[in-house]
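Notes for the one structure printed next.
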Amino acid sequence: MPAPVLEKTSKVKISAHDVAEHLRTPEEMAAYLDAWLDGALSADGNPSFATVLKAARALGVRLHAQPA
């Protein structure tokens, strides 16, 4: 049986991206978190609540509830 042929793959370089560095005001941070929550807590998303809290802390915002 012949040896398998291994394909040479190129390495992709990535860098860390911290969106919090680009959000300057509390309003920008809150708007970003609102948009993130709409997508992360959708029927297709599945974050743990710990992830949601970490994102809020990283952005320096607090979560609150209001009547729908």
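Worth pointing out:
- Among residues of the range 1-23 that are at negative phi and small (Gly, Ala, Ser), those with a Cβ under 6 angstrom from a residue that is at pLDDT 80 or above and surrounded by 10 or more Cβ atoms within 10 Å (Cβ to Cβ), sequence gap 6+ or separate chain, pair up as Ala20/Ala58.
- Residues of the range 19-51 satisfying the condition of being exposed (fewer than 10 other Cβ atoms within 10 Å of the Cβ), part of a helix (DSSP H, G or I) and hydrophobic (A, V, I, L, M, F, W, C): Phe49, Ala50
- Scoring Ala65 on the criteria (1) surrounded by fewer than 10 Cβ atoms within 10 Å (Cβ to Cβ); (2) under 12 Å from the mean Cα position of the chain (by Cα); (3) at pLDDT 80 or above leaves a single failure, condition (2).
The values are calculated or read from the model by the stated rules, or taken from the named source; none is laboratory data. These numbers come from a predicted model, not from an experiment. In this analysis, Cβ positions are derived from the backbone assuming ideal geometry, glycine residues included, and neighbour counts consider all displayed protein chains.
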